[in-house]
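Down below is the structure, laid out as structure tokens.
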Amino acid sequence: MIEGKGLMVFYENMLALNNVTVRCAERQVVGIFGANSAGKSTLMSALSGILLDVQHKEKMRGGERISLYGEILYRGEPVQDRKAHERARKGIVLCPERRRLFPESSVLENLKIGAYLATKAQARDTLDYVLALFEGLKKHLKRPAGFLSGGEQQMVAIGRALMAQPKLLLLDEPLLGLSPAIQQQLVRAIPVIRTERNVSVIVTEQYARPVMPYVDYAYIVENGSTVMEGARDELLGNPDVKAAYFGY
Ligand code: ATP
């Protein structure tokens, strides 16, 4: 489905991603785990194309601060030179870190913003789907999104991403700052979305433990480099790896 090969990203002369290769197959759930500043968001913005847009904006302002190298194959097609909106149209949809909702717009408006690539029928169908998946949002549809709890806001952010009709959903730290109970509710939705919406998912998190049971394959990233990767059971089957990275 997607393969990022030999990805290198520099912010000025700081190396944020060092020759990282990640893959996610059709209908797979892949986890990317690493501490603060490991490079998770940089990787997600490289895959989604957001980084290219930021780089372009900087060039327009006369700066050349961000350098990006490597190849990204999406369903066999090189997309590393495609802008984020072109990749979104092909089905690569990012649900960004810290949600980035429009806090003064209503929940319904925030969800509808995601549907800009959808037909009317798709938008209706997906809205019904999101409200069935995250039932708690129904009663808040007319409220400003900024008034909702962190967990509810994250549900709106995931719902908005689903409205864009993803084939590959990139979830950047969806559990950040949420209580363990809400984290469980959100993380359990990931395999459900994969099956019911027929999507592949790449999810990043600082702490692997809550997400690990739901991924098929995982990468551990440290200081911009992949230090370990493997199928879930392979990683969890190694007691040293488990103790070092998954807090068991
Ligand atoms: P977090 O969990 O804090 O979001 P992360 O794993 O997502 O961390 P990144 O946000 O990708 O990590 O950051 C990787 C490194 O690149 C960090 O050292 C960060 O300070 C740096 N960095 C990220 N974005 C920029 C930017 N726009 N300009 C300069 N440096 C940046």
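Hey, which of the helices (runs of 4 or more DSSP H) in the range 18-107, taking only ones fully inside, have at least 3 residues that are under 16 Å from the mean Cα position of the chain (by Cα) and not polar (S, T, N, Q)?
Details: elements: 40-48, 50-60, 84-90.
The helices (runs of 4 or more DSSP H) meeting that bar are 40-48, 84-90.
Scan Tyr74, Tyr69 and give me the residue that is of a type outside the set (D, E, K, R) and surrounded by 18 or more Cβ atoms within 10 Å (Cβ to Cβ). I'd like the intermediate steps shown before the answer.
Details: Tyr69 fails: surrounded by 18 or more Cβ atoms within 10 Å (Cβ to Cβ).
Residue meeting the stated conditions: Tyr74.
From the list Ala88, Ala46, pick out the single residue that is of a type in the set (A, V, I, L, M, F, W, C), farther than 18 Å from Glu3 by Cβ and at pLDDT 95 or above.
Working: Ala46 fails: farther than 18 Å from Glu3 by Cβ.
Criteria check complete, one pass: Ala88.
Looking only at residues in the range 14-30 that are within 13 Å of the ligand (Cβ to nearest atom) and not polar (S, T, N, Q), which one is surrounded by the fewest Cβ atoms within 10 Å (Cβ to Cβ)?
Here is the first cut: in the range 14-30, the ones within 13 Å of the ligand (Cβ to nearest atom) are 14-18, 20.
Narrowing the set further to residues that are not polar (S, T, N, Q) leaves 14-17, 20.
Values: Met14: 9, Leu15: 15, Ala16: 23, Leu17: 27, Val20: 23.
Ranking the candidates gives Met14 first.
Restricting attention to the range 31-41, which residues are near the ligand (Cβ under 9 Å from one of its atoms) and crowded, with 21+ Cβ neighbours inside 10 Å? Show your work before the answer.
In the first step, residues of the range 31-41 are kept if they are near the ligand (Cβ under 9 Å from one of its atoms); the result is 32, 34-41.
Ile32, Gly34, Ala38, Gly39, Lys40 - these are the residues of the range 31-41 that are near the ligand (Cβ under 9 Å from one of its atoms) and crowded, with 21+ Cβ neighbours inside 10 Å.
Given Leu162, Leu171, Leu235, which one is in a strand (DSSP E or B) and surrounded by 22 or more Cβ atoms within 10 Å (Cβ to Cβ)? Give the steps one after another, and end with the answer.
Working: Leu162 fails: in a strand (DSSP E or B); Leu235 fails: in a strand (DSSP E or B).
Answer to the check: Leu171.
Name the residues in the range 79-101 that are within 16 Å of the ligand (Cβ to nearest atom), open to solvent by 10 Å² or more (accessible area, probe 1.4 Å) and touching a residue at least 60 places away in the same chain (Cβ under 8 Å), would you?
Leu94, Pro96, Glu97, Arg98
From the list Val203, Val221, Val227, exactly one residue is within 16 Å of the ligand (Cβ to nearest atom) and within 25 Å of Ala164 (Cβ to Cβ). Which is it?
Working: Val221 fails: within 25 Å of Ala164 (Cβ to Cβ); Val227 fails: within 25 Å of Ala164 (Cβ to Cβ).
Of the residues listed, the single one that is within 16 Å of the ligand (Cβ to nearest atom) and within 25 Å of Ala164 (Cβ to Cβ) is Val203.
Taking the condition open to solvent by 10 Å² or more (accessible area, probe 1.4 Å), among the charged types (D, E, K, R) and assigned to a strand (DSSP E or B), does Glu3 pass?
Numbers: open to solvent by 10 Å² or more (accessible area, probe 1.4 Å): yes; among the charged types (D, E, K, R): yes; assigned to a strand (DSSP E or B): yes.
Criteria met by Glu3.
When the residues of the range 1-13 are narrowed to those that are of a type outside the set (D, E, K, R), more than 11 Å from the ligand (Cβ to nearest atom) and at pLDDT 95 or above, which ends up farthest from Val192 (Cα to Cα)? Steps first, please.
Looking only at the range 1-13, we keep the residues that are of a type outside the set (D, E, K, R), and these are 1-2, 4, 6-11, 13.
Imposing the further condition that a residue be more than 11 Å from the ligand (Cβ to nearest atom) reduces the set to 1-2, 4, 6-8.
Okay, now just the ones that are also at pLDDT 95 or above, so 2, 4, 6-8.
Working: Ile2: 21, Gly4: 25, Gly6: 31, Leu7: 30, Met8: 33 Å.
Only one residue fits best here, namely Met8.
For Tyr116, state whether it is aromatic (Phe, Trp, Tyr) and at pLDDT below 95. Show your work before the answer.
Values: aromatic (Phe, Trp, Tyr): yes; at pLDDT below 95: yes.
Considered against the rule, which asks whether it is aromatic (Phe, Trp, Tyr) and at pLDDT below 95, Tyr116 comes out as yes.
In the range 188-227, what residues are open to solvent by less than 50 Å² (accessible area, probe 1.4 Å) and free of Cβ contacts under 8 Å to residues at least 60 places away in the same chain?
Correct list: Ala189, Pro210.
The values are calculated or read from the model by the stated rules, or taken from the named source; none is laboratory data. Computed from a prediction, not measured in an experiment: that's the story for all the values here. Note: ideal-geometry Cβ built from the backbone for every residue, glycine included; neighbour counts use all protein chains shown. Surface areas here come from the heavy atoms of the whole protein model, side chains and all, with no ligands, DNA or RNA. Shrake-Rupley method; radii C 1.70, N 1.55, O 1.52, S 1.80 Å.
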